[in-house]
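The values are calculated or read from the model by the stated rules, or taken from the named source; none is laboratory data. What you see is a predicted model, and the numbers here were worked out from it, not measured in a lab. Note that each Cβ is placed from the backbone with ideal geometry, even for glycine, and that neighbours are counted across all protein chains shown. Please note that ligands, DNA and RNA were not included when accessible areas were found on the heavy atoms of the full protein model with its side chains. Shrake-Rupley method; radii C 1.70, N 1.55, O 1.52, S 1.80 Å.
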Amino acid sequence: ENIFFKYNSNSKNIIKGVNLELFKGENIGIIGKTGSGKSTLIDIFLGLINPSKGKVLVDGIDIFDKYNPENLEKWQNIITYVPQDVFLTDKSFMENIAYGIPYEFINLKEVIRCSKIASIHEFIKSTKNGYKTFVGERGIKLSGGQIQRIGIARALYKKSKIIVFDEATSALDNNT
């Protein structure tokens with residue numbers, strides 16, 4: 001609601017008077033020129049940075065209300081962010097998709113389900129050890145598109161209510 005943002009008091013506003021109303025189930029895209037504030041707007045939406053002016057309301061509740069800091073935590077707990085450059089650890093496909101889950105608690109059936117949706121299952125299956133195959137440091141053994149598909153599978157595995165893609169499909173072909 002009427003979002004403005006500038007990096008410091010001496011700079012000009014990067015975002016000026018933005019008003020958006022989003023509804024559950026919608027898919028939206030934010031497009032614009034390089035440097036137009038798209039990533040900054042996403043950072044505000046994710047709750048990573050406060051707007052200089054204006055409010056981010058979720059069901060009428062201000063996520064940046066300084067008297068109710070739990071609002072921001074609740075908001076961030078229902079969002080998954082998929083960046084353009086997905087971070088992978090030198091662990092298995094399974095562990096990278098279920099990132100942050102202790103190995104013994106990973107649900108392989110759910111990993112496979114998410115991998116199928118993200119169109120990476122067939123590739124993983126074709127590797128020497130399948131879902132237990134190590135991806136190499138930062139996914140060195142994989143293409144950009146394969147890395148992005150793992151990031152998408154990871155977001156699906158988390159079962160968030162909201163998934164934010166920041167050019168997370170830039171290395172994928174149109175059909176994928």
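List pairs: first residue in segment 25-47 and β-branched (V, I, T), second residue open to solvent by 40 Å² or more (accessible area, probe 1.4 Å) anywhere in the structure, Cβ distance under 7 angstrom, at least six positions apart or on different chains. If the second residue must be open to solvent by 40 Å² or more (accessible area, probe 1.4 Å), the pairs left are I28/L22; I30/K38; T40/I14. Here is a check on your reading of the model: is S36 among the small types (G, A, S) and assigned to a loop (DSSP other than H, G, I, E, B)? Against the criterion (among the small types (G, A, S) and assigned to a loop (DSSP other than H, G, I, E, B)), S36 qualifies. With respect to S160, determine if the residue is open to solvent by less than 80 Å² (accessible area, probe 1.4 Å), small (G, A, S), free of Cβ contacts under 8 Å to residues at least 60 places away in the same chain and within 28 Å of F23 (Cβ to Cβ). No; evaluated as a whole, the condition is false for this residue.
Looking at segment 39-54, which of its residues are within 15 Å of I79 (Cβ to Cβ) and in a helix (DSSP H, G or I)? Walk me through it before giving the result.
Here is the first cut: in segment 39-54, the ones within 15 Å of I79 (Cβ to Cβ) are 41-49.
Passing the criteria: L41, I42, D43, I44, F45, L46.
The lone criterion from (1) part of a helix (DSSP H, G or I); (2) of a type in the set (V, I, T); (3) within 30 Å of F134 (Cβ to Cβ) left unmet by V86 is number (1). A search for C-beta distances below 7 Å between a residue of segment 49-62 that is touching a residue at least 24 places away in the same chain (Cβ under 8 Å) and any residue that is basic (K, R), counting only pairs 6+ apart in sequence or on different chains, returns S52/K6.
Quick one: how many residues across segment 72-105 are surrounded by 18 or more Cβ atoms within 10 Å (Cβ to Cβ) and either without any contact (Cβ under 8 Å) to a residue 40 or more places away in the chain or small (G, A, S) (or both)? Of the residues in segment 72-105, 6 are surrounded by 18 or more Cβ atoms within 10 Å (Cβ to Cβ) and either without any contact (Cβ under 8 Å) to a residue 40 or more places away in the chain or small (G, A, S) (or both).
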